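Beneath this line is the structure, given in structure tokens, with notes to follow.
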């Protein structure tokens, strides 16, 4: 629909002209507003109302319009956009004194559906962990990082925040500092232990600064940064022949998914992930580290794999 459509009510035409002249909106944006407001006008006609008399419009009309959009199974993001168009329209009418009320005042956008994080299947995850690389210090570091993200379910911030003293390879345990500074213990797979050990033997090749205690180092001898970690996973993904690049969260989500698919208890997986809501369940279920480790060993695809 053209935003200059003369069939639109005058109030809408004035509003669109304002967006064009004073706001400098693009033609595509103006057409989007025109389409939303034309749909709104057509809906009002079914209720014997019009934007020509904006003072007759109330919040009940807005709610009825949103309900109709829901009934049409419109995406929540599209509904939110249309509501945003109405908000802007009525704010303009109120400012220019075309109306004495704003029926959109206080209305919230519909809660958006959160997209499910991408997940690797077990074969893809193992292919990534076994990506063929040169046994250089950099290559050993990259595989060690990937092992901790998938094998231990760490957030990327947790993995990059690890210090040398946080790793206990003999007991296969990591001390992790999670969100809000909360600490937890996370297990390391046999493969993860071996990868980290191999990397540690070559860590000095990064020429770490004298006081640098970070486990994972960048090329300048300082703590590895998130941007480089993302590039590392992109390289490994390509080497493993995966159809798409992966993010650190892909590995963390795969960790949880594979444990649950193998029969791990949801509470145990929350404990292993350091999920912020686990504190709300501890009143009903208490899992000590021995129990969590036993479930982890039974369920994780890499838990007892020899590298």
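Values in this text are rule-based calculations from the coordinates and carry no lab data. Keep in mind that what you see is a predicted model, and the values were worked out from it rather than measured. Positions of Cβ are backbone-derived with ideal geometry, glycine not excepted, and every protein chain shown enters the neighbour counts.
Given only helices, namely DSSP H runs of n ≥ 4 each adding -39500 (n - 2.57), what is the per-residue ellipticity at 222 nm of the chain, to the nearest 500 deg cm²/dmol? Please report the intermediate quantities before stating the final value.
On the way: 12 runs with 152 residues, N = 307.
After summing the helix terms and dividing by the residues of the chain, the value is -15500 deg cm²/dmol.
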Using only Cα atoms and rounding to the nearest 10 degrees, what angle (0 to 90) does helix 76-95 make with the longest principal axis of the chain?
50 degrees
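Could you tell me which of rounded, prolate or oblate describes segment 35-80, using a ≥ b ≥ c as the square roots of the eigenvalues of the alpha-carbon gyration tensor, with rounded for a/c under 1.5 and, failing that, prolate when a/b is larger than b/c and oblate otherwise? Intermediate results must be reported in sequence, preceding the final value.
Values: a/c = 2.12, a/b = 1.81, b/c = 1.17.
Prolate is the answer for segment 35-80, as a/c is 1.5 or above and a/b outweighs b/c.
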Considering the chain as a Gaussian network with a 10 Å cut-off on Cα pairs, which listed residue, 231, 73, 223, attains the greatest mean-square fluctuation?
73
Who wins for biggest fluctuation among 21, 196, 269 in a Gaussian network model of the chain, springs between alpha carbons below 10 Å?
21
For segment 122-299, what is the Kirkwood estimate of the hydrodynamic radius, computed as the reciprocal of the mean inverse distance between distinct Cα atoms, to one decimal in Å?
16.6 Å
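Classify segment 10-95 as rounded, prolate or oblate from the Cα gyration tensor: take a ≥ b ≥ c as the square roots of its eigenvalues, call it rounded if a/c is under 1.5, otherwise prolate when a/b beats b/c and oblate if not. Let's see the in-between values first.
Numbers: a/c = 2.02, a/b = 1.26, b/c = 1.60.
Oblate.
Estimate the FRET efficiency between residue 35 and residue 95 by the formula 1/(1 + (r/R0)^6), using the beta-carbon distance for r and 22 Å for R0, to the nearest 0.05. All intermediate terms of the calculation are to be shown ahead of the outcome.
Values: r = 23 Å, r/R0 = 1.04.
It comes out at approximately 0.45.
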Taking Cα atoms only, helix 248-261 is inclined relative to the longest principal axis of the chain by an angle, in degrees rounded to 10, of 80 degrees
Taking Cα atoms only, helix 10-21 is inclined relative to the longest principal axis of the chain by an angle, in degrees rounded to 10, of 50 degrees
Taking the chain as a Gaussian network, where each spring joins two C-alpha atoms under 10 Å apart, which residue of 98, 150, 199 fluctuates the most?
98
